[in-house]
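Working notes, beginning with the structure itself.
The values are calculated or read from the model by the stated rules, or taken from the named source; none is laboratory data. Because the structure is a prediction, the values reported are computed rather than measured. Backbone-built Cβ (ideal geometry, glycine too); neighbour counts: all protein chains shown. What goes into the accessible areas is simple: the full protein's heavy atoms, side chains included, and nothing from ligands, DNA or RNA. Shrake-Rupley method; radii C 1.70, N 1.55, O 1.52, S 1.80 Å.
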Amino acid sequence: SAVIRLAYKYGMEQLQSQALLALKKKYIPETFEGWRNRVPLRSRLFGIEVIQIAHLTMTPALLPVAFYISARAKDHVLDGWVREDGSVTHLSTSALKKLIRGLPRLGERAKRLLDSVFKAKPNKFHCPNADTCYSAVQKYYVNGIAKRFVDAHSIYHGRTNLYNLLLKKGLCEQCAERFNNKYISKYCALWDALPEIFGCQQLVSAAAISA
């Protein structure tokens, strides 16, 4: 982020573009597939810095993911982001409002999507032990996934192998694969809804049209 700010300050457009590209590729991907393969951030508070960089460099494509990362920081977002020089930066009032308004939307959508995945009974045509598999996945959903992924406002992070976890919980291979595939598909849809959830859809759409 320091390189981007420096490049912007001195009008070094090529360096700024290269630094923004690296930021997107490694940490703030625009696609769900990129999110699943990203490099982990050292702090979720980095979302604060990315939101400011997005506005500074007029790169609104960074905003949906930056707001999502900030959402995962919960109330710690109020502590601000500590930059390399030791200075602390905070979200602007308008950005904080977008974040606060987006939090319940994110939680509600995540809950609906999770329910649509894990409350659907397996087809007995595909699984002769459908009732057993359904009972096992319901127990895991209530005690594990529902709490971890909804309360924490956490979208599928790409490192949890749900398929293997469901096998360990007693599901057959067919049901584990079906739940895993549907889970990823639904969260891909939620990912695509992030611009709307955090109120930056118009900015992102306008930038995409002008690109």
Between THR132 and GLU196, what is the FRET efficiency for a Förster distance of 35 Å, r being their Cβ-Cβ separation, to the nearest 0.05? 0.35
Most fluctuating residue given options SER94, SER43, SER70, as computed from a GNM of the chain linking Cα atoms under 10 Å: SER94
Principal axis dimensions, largest first and in whole angstrom, of segment 1-56 by Cα: 34, 21, 17
In the chain, helical segments from DSSP H whose Cα atoms cover 18 Å or more along their own axis and that average at least -0.5 on the Kyte-Doolittle scale are 93-118
Starting from the coordinates of the alpha-carbon atoms of the chain, obtain the Kirkwood hydrodynamic radius over all distinct pairs and give the value in Å to one decimal. 18.6
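Express the carbon and sulfur contribution to the solvent-accessible surface of the chain as a percent, rounded to the nearest whole number, probe 1.4 angstrom.
On the way: 6260 of 11660 Å².
In the chain, the share of accessible area belonging to carbon and sulfur is 54 percent.
Top to bottom by accessible area (1.4 Å), largest first, where do LYS139, LYS186 land? Mind dumping the intermediate values first?
Working: LYS139 140, LYS186 65 Å².
Heavy-atom accessible area, descending, gives LYS139, LYS186.
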Roughly how many Å² of THR132 are accessible to a 1.4 Å probe, to the nearest 10? 90
Rounded to the nearest 10 Å², the accessible area of HIS126 at probe 1.4 Å: 80
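Where does the chain land at 222 nm, in deg cm²/dmol rounded to the nearest 500, when only DSSP H runs of n ≥ 4 count, each adding -39500 (n - 2.57), divided by all residues? Don't skip to the answer; put the middle values down first.
Numbers: 11 runs with 126 residues, N = 211.
Counting only the DSSP helices, I get -18500 deg cm²/dmol.
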Please give me the summed charge of the neighbours of GLY102: other residues whose Cβ is under 11 Å from its Cβ, Lys and Arg +1, Asp and Glu -1. +3
At R0 = 35 Å, FRET efficiency that the Cβ-Cβ distance of VAL3 and LYS97 yields, to 0.05: 0.75
Which order do you get for MET12, MET58 if you rank them by accessible area with a 1.4 Å probe, largest at the top? MET58, MET12
